[in-house]
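Asks: Can you read through this structure? Questions will come right after.
The values are calculated or read from the model by the stated rules, or taken from the named source; none is laboratory data. Treat the numbers as computed from the prediction; the structure is a model and nothing was measured. Cβ placement follows ideal geometry from the backbone for every residue including glycine, while neighbour counts extend to all protein chains displayed.
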Amino acid sequence: MAEAQLDPGRFDVPETKESTAQGRARRALLRRLTDVVVMPHSSIPVSDRNMAGDILLDMLLQLELEDRSYCADRLRNATMAPRPLLRYLAQCPFVVAEPLLTENEGLDSVDLIQIARDTTPAHRLAIAGRKIVDPAVANILADFAEPAMLVELLKNRGSVLQDISIDKLVKLSADAPTVRDALIARGELNAGQAMAMFWWCDAPSRRQILQRFAGDRMALIERCGDVFPMVAEEGFSDPVAMRTLQLIERRQRNRGALNNSEFESLEAAVEVAAETGMTAELAQEIGFLAGVKPITIGKILSDRGGEGIAVLCKATGLKRHNLPLFWKALRRPVKDPNNEDGPNLEYLSETYELLSVGRAQTTLRYWNWSLSSALAAGNIKDDKIAAAETLSSSVELTKLAFVK
């Protein structure tokens, strides 16, 4: 019998005119054994229940899907049923397994992990919607690129997600807008993960990230303020300390870079870019003066959303009138005639006003860190060589940033 013809809610085992005496006895035996398995805890010894479960399991291996469906439906609330029996039925075709996966609380995390690995997307979708989904089960579900299931998991208030699972979902969200939107609403998402997602989010999601995750770092600045002169006294010789303080320090512009620049200020560089057009050399110079790496300024200026430009201007002290200069330098229309919802200067101005200087600086530094860090969210490595290369690449830029 095909699965589509089965009714998993069928509570009685059907009999036909063609049923033989042997067939009726088989069905009666199935009912009696199931009755024993679902008896209340106080009404039957554990050994008798387990024996009945073993016999029933052996019997079900030889029966049809409708018989298994009958049994699974009877066991939907039987939390004391033997686990081997529950596991077997929960791994049967979904029409059989559904009542157990959605309702039976006798299946523990080990059972659910095995079921998730060995069955179908429909099984995993049901698991994601269970009343409670513990971190171990959620982590296994996060391995599957199944947007409908992942959205169910993220919207389920009974699911518990840890950093390792969130990292997986952040990566998957780049190609799954529904996962991205559900993930942003989760309380477990931290600032580093949110800032990594920022670049593939739509405008409303980007604004939500900026409002929710951009802190002002005041507690860090106050607590670590006495370390800055220590680094200077050591001759800027410790790349780890320098890189760490770069994320905390109050100033954003690279003052030391100005001594080596042909421009008298960051504002002057932006004005020249507006007149001549943004070249790779100008972009790199603007990034250097702004205290960010080439990869970061490249990402900001190439991003079609434009929010990064607003963040850059606010973080570096550029005034609002610099926003249209960037737009002109990039040769973008004030309003894209082919995209009514596309980026425009009014939207950029709103984003600029939305953030304080401190919050904009925090955002910019997260980007500067996450776009190249060996320790970025979801990309933690044990390779000390790779980490050392990442640290050393920013030594000179950081040293100049600390020059008084």
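Asks: So which of Val231, Val170, Val240 ends up being among the β-branched types (Val, Ile, Thr) and modelled with pLDDT of 90 or more?
Replies: Exactly one of Val231, Val170, Val240 is among the β-branched types (Val, Ile, Thr) and modelled with pLDDT of 90 or more, namely Val170.
Asks: May I pose another question? Quick one: which residue in Ala81, Ala97, Ala72 is small (Gly, Ala, Ser), in contact with an Asp or Glu (Cβ under 9 Å, 6 or more places away or on another chain) and under 22 Å from Val133 (Cβ atoms)?
Replies: Values: Ala81 fails: in contact with an Asp or Glu (Cβ under 9 Å, 6 or more places away or on another chain); Ala97 fails: in contact with an Asp or Glu (Cβ under 9 Å, 6 or more places away or on another chain).
The match here is Ala72.
Asks: Confirm whether Leu289 is in a helix (DSSP H, G or I), in contact (Cβ under 8 Å) with a residue 40 or more places away in the chain and under 23 Å from Gly358 (Cα atoms).
Replies: Values: in a helix (DSSP H, G or I): yes; in contact (Cβ under 8 Å) with a residue 40 or more places away in the chain: no; under 23 Å from Gly358 (Cα atoms): yes.
No.
Asks: Yes or no: segment 152-173 includes at least one residue that is β-branched (Val, Ile, Thr), in a loop (DSSP other than H, G, I, E, B) and either closer than 27 Å to Leu86 by Cα or in contact with a Ser or Thr (Cβ under 7 Å, 6 or more places away or on another chain) (or both). Walk me through it before giving the result.
Replies: Here is the first cut: in segment 152-173, the ones β-branched (Val, Ile, Thr) are 160, 164, 166, 170.
Keeping just the survivors that are in a loop (DSSP other than H, G, I, E, B) gives 160.
Remaining after also requiring either closer than 27 Å to Leu86 by Cα or in contact with a Ser or Thr (Cβ under 7 Å, 6 or more places away or on another chain) (or both): 160.
Within segment 152-173, one or more residues are β-branched (Val, Ile, Thr), in a loop (DSSP other than H, G, I, E, B) and either closer than 27 Å to Leu86 by Cα or in contact with a Ser or Thr (Cβ under 7 Å, 6 or more places away or on another chain) (or both).
Asks: A further question follows. Looking at the structure I just gave you, is Arg206 outside the structural domain of Gly308 (by TED's automatic domain parsing) and touching an Asp or Glu at 6+ places or on another chain (Cβ under 7 Å)?
Replies: yes
Asks: Could you tell me whether Leu220 is surrounded by fewer than 19 Cβ atoms within 10 Å (Cβ to Cβ), assigned to a helix (DSSP H, G or I) and at pLDDT below 75? Spell out how you get there, then give the answer.
Replies: Values: surrounded by fewer than 19 Cβ atoms within 10 Å (Cβ to Cβ): yes; assigned to a helix (DSSP H, G or I): yes; at pLDDT below 75: yes.
So Leu220 passes the test.
Asks: From the list Arg124, Arg130, which residue is in a helix (DSSP H, G or I) and at pLDDT 95 or above? Working first, answer last.
Replies: Values: Arg130 fails: in a helix (DSSP H, G or I).
The match here is Arg124.
Asks: In addition: If we keep just the residues of segment 154-186 that are over 12 Å from Ala138 (Cα atoms) and β-branched (Val, Ile, Thr), which is nearest to the chain's Cα centre (by Cα)?
Replies: Result: Val170.
Asks: Something else about it: Kindly indicate whether any position in segment 303-316 is farther than 18 Å from Trp199 by Cβ, over 32 Å from the mean Cα position of the chain (by Cα) and touching a residue at least 40 places away in the same chain (Cβ under 8 Å).
Replies: Within segment 303-316, not a single residue is farther than 18 Å from Trp199 by Cβ, over 32 Å from the mean Cα position of the chain (by Cα) and touching a residue at least 40 places away in the same chain (Cβ under 8 Å).
Asks: For Val292, state whether it is among the hydrophobic types (A, V, I, L, M, F, W, C) and surrounded by fewer than 20 Cβ atoms within 10 Å (Cβ to Cβ). Steps first, please.
Replies: Details: among the hydrophobic types (A, V, I, L, M, F, W, C): yes; surrounded by fewer than 20 Cβ atoms within 10 Å (Cβ to Cβ): no.
Against the criterion (among the hydrophobic types (A, V, I, L, M, F, W, C) and surrounded by fewer than 20 Cβ atoms within 10 Å (Cβ to Cβ)), Val292 does not qualify.
Asks: Look at segment 170-222 and say how many of its residues are touching a helix residue (DSSP H, G or I) at 6+ places or on another chain (Cβ under 9 Å), within 20 Å of Thr362 (Cα to Cα) and among the charged types (D, E, K, R).
Replies: 6
Asks: Hey, any hits in segment 6-18 for a residue that's modelled with pLDDT under 90, part of a loop (DSSP other than H, G, I, E, B), surrounded by 12 or more Cβ atoms within 10 Å (Cβ to Cβ) and polar (S, T, N, Q)?
Replies: no
Conditions tested, residue by residue: (1) among the small types (Gly, Ala, Ser); (2) buried (at least 16 other Cβ atoms within 10 Å of the Cβ); (3) closer than 22 Å to Leu85 by Cα.
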residue	(1), (2), (3)
Leu112	no, yes, yes
Ile115	no, yes, yes
Thr120	no, no, yes
Arg130	no, yes, yes
Asn139	no, yes, no
Met149	no, yes, no
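Asks: Pairs please, first residue from segment 220-241 and in contact (Cβ under 8 Å) with a residue 40 or more places away in the chain, second anywhere and not hydrophobic (A, V, I, L, M, F, W, C), Cβ atoms under 6 Å, 6+ apart in sequence or on different chains.
Replies: Going by the 6 Å Cβ cut-off, the qualifying pairs are Phe236/Lys399; Pro239/Ser392.
Asks: Considering each of Thr244, Thr276, Thr178 in turn, give the residue that is in the same structural domain as Tyr347 (by TED's automatic domain parsing) and loosely packed, with under 15 Cβ neighbours inside 10 Å.
Replies: Criteria check complete, one pass: Thr276.
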